[in-house]
Amino acid sequence: MTTKNESPQSKPIEAGPQQKAKTASPSVFEQHFVTLIIGLAAAIALILSLISFFKVNHFQQSAGDQKSKLQTRFAALEQEQTKLTANLANLGQTLQLSKESIQQQVSNLNQSLHKALRQRHYQRQDWLLQKAKYYLELAQINAHWSDNQETTIALLQAADTVLQDVSDQQLFKIRQTIATEITAIKAIPKLDLAGLLSQLDAAQQMVSSLPLKQGINNPSEENTAPADEDTSSAWKSKLHENMKLLEKLIVVRKHDDDIEPILSPLHQEALRESIRMNLQEAQWALLEHNSAVYTQSLKQAIEEINRIFDISASPTQALLSDLQKLRGISLDNQRPLVNGSLNLLNQFIDNQKNSTVNQSNPDGAQP
């Protein structure tokens, strides 16, 4: 009896653990599945973070390269400015040497004139001829080394005034040549250097106020939206920020339209400074009477303005009109030639000397 009573009771006791194992296995599987999903989400978030980090790092490197290029460009511009300054200094030294050479020649001419005046056998007519020759030589030197045409005309007129006191009909041709040279000098058009330099200086100031073309503007600064405080988890907020950053890094290009670049303020200032450097180079060429450099500098400035700035704006049109007018000015002014009267006077003086020698030795040719 005892065995029969115990056997029915032992069956429920053995079935209890098996039923518990069957009920526990689904919950463990759900826990592993949730853990796997969380791990995958964390891995995806980590991968997206790494991609964002590399993108940001690449963007920073590109910005650093652009900055380095701009610094190199500015250094090149400074070197060009230093080179131009050195050229101007060399020009000043050359002009100073030319001035000293002219002064030395004038001093030598004065010494020659004083020496001639001290010679007793020179008559008054010979002295006047030497004085006229002295004025003509000064006029020739001034016409060759200087652009002061008024001084050259004054020296020629002084020589003509001296020749008025010499009573010789043969001097009429010399005085006629002097008058022709004076007329030719007056007919040469004068170049208003001060006015042209002022116009180029005003053009440099106008460059700062020119409007850029549409599409070439400062990059807009977008305000980053504040993070939502009610987000369910931190990784979702980080993912949202990374997606925003990726949207800024993606550039959509349409190749069927003209590409309109967006320039930074530093790049814009570099372009404006490049145009100013071209105008300064035109000023230097104007002082040097270098027509080729003058024309090329203005041409480059006009091309840069047409490429960068809004040509439909009134300031841009006014500046382009002024630069076109300045570009049409020719610097190749013909220098006056005043050697004709001097050659005739030297020939006349030589003939006078030969005549004096023949008169002093009338029988020199007879045996």
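Exactly one condition in (1) free of Cβ contacts under 8 Å to residues at least 60 places away in the same chain; (2) hydroxyl-bearing (Ser, Thr, Tyr); (3) touching a Pro at 6+ places or on another chain (Cβ under 9 Å) is false for Ser297; which is it?
Exception for Ser297: condition (3).
With the condition kept exactly as written, say whether any residue in segment 119-137 is more than 20 Å from Gln352 (Cα to Cα) and modelled with pLDDT of 85 or more.
no
Looking only at segment 312-351, count how many residues are in a loop (DSSP other than H, G, I, E, B) and not small (Gly, Ala, Ser).
Total meeting the criteria: 9.
Residue-by-condition table, conditions (1) surrounded by 15 or more Cβ atoms within 10 Å (Cβ to Cβ); (2) farther than 30 Å from Leu163 by Cα; (3) at pLDDT 90 or above:
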residue	(1), (2), (3)
Asp258	no, yes, no
Ile262	no, yes, no
His267	yes, yes, no
Leu286	yes, yes, no
Asn290	yes, yes, no
Gln296	yes, yes, yes
Ala318	no, yes, yes
Val357	no, no, no
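Within segment 5-13, identify whether any single residue is modelled with pLDDT under 55, out of contact with any Cys (no Cβ under 7 Å at 6 or more places or on another chain) and among the small types (Gly, Ala, Ser), and answer yes or no.
Yes, that holds for at least one residue.
Restricting attention to segment 302-309, does a residue exist that is crowded, with 16+ Cβ neighbours inside 10 Å and in contact with a Ser or Thr (Cβ under 6 Å, 6 or more places away or on another chain)?
Checked against the condition, which is being crowded, with 16+ Cβ neighbours inside 10 Å and in contact with a Ser or Thr (Cβ under 6 Å, 6 or more places away or on another chain), segment 302-309 yields at least one hit.
Spot the failing condition for Lys190; the list is (1) without any contact (Cβ under 8 Å) to a residue 40 or more places away in the chain; (2) part of a loop (DSSP other than H, G, I, E, B); (3) among the charged types (D, E, K, R), and only one is missed.
Only one criterion is unmet by Lys190, namely (1).
To keep it simple, each residue is scored yes or no on (1) of a type in the set (A, V, I, L, M, F, W, C); (2) outside any helix (DSSP H, G or I); (3) loosely packed, with under 12 Cβ neighbours inside 10 Å; (4) at pLDDT below 85.
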site: Ala21; (1), (2), (3), (4): yes, no, yes, yes
site: Val28; (1), (2), (3), (4): yes, no, yes, yes
site: Ala41; (1), (2), (3), (4): yes, no, no, no
site: Phe59; (1), (2), (3), (4): yes, no, no, no
site: Gly64; (1), (2), (3), (4): no, no, yes, yes
site: Glu78; (1), (2), (3), (4): no, no, yes, no
site: Lys83; (1), (2), (3), (4): no, no, yes, no
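Is it the case that Ala45 is in a helix (DSSP H, G or I) and touching a residue at least 60 places away in the same chain (Cβ under 8 Å)?
Here the answer is yes, as Ala45 does meet what is asked.
Inspect all residues belonging to segment 165-174 and state whether any of them is at pLDDT 90 or above and touching a helix residue (DSSP H, G or I) at 6+ places or on another chain (Cβ under 6 Å).
The answer is yes, given that some residue of segment 165-174 is at pLDDT 90 or above and touching a helix residue (DSSP H, G or I) at 6+ places or on another chain (Cβ under 6 Å).
Take the residues of segment 328-347 that are modelled with pLDDT of 85 or more and in contact with an Asp or Glu (Cβ under 8 Å, 6 or more places away or on another chain): which is surrounded by the fewest Cβ atoms within 10 Å (Cβ to Cβ)?
Of everything passing the filter in segment 328-347, Gly340 is surrounded by the fewest Cβ atoms within 10 Å (Cβ to Cβ).
The values are calculated or read from the model by the stated rules, or taken from the named source; none is laboratory data. None of these values were measured; they are calculated from a predicted model. Note: ideal-geometry Cβ built from the backbone for every residue, glycine included; neighbour counts use all protein chains shown.
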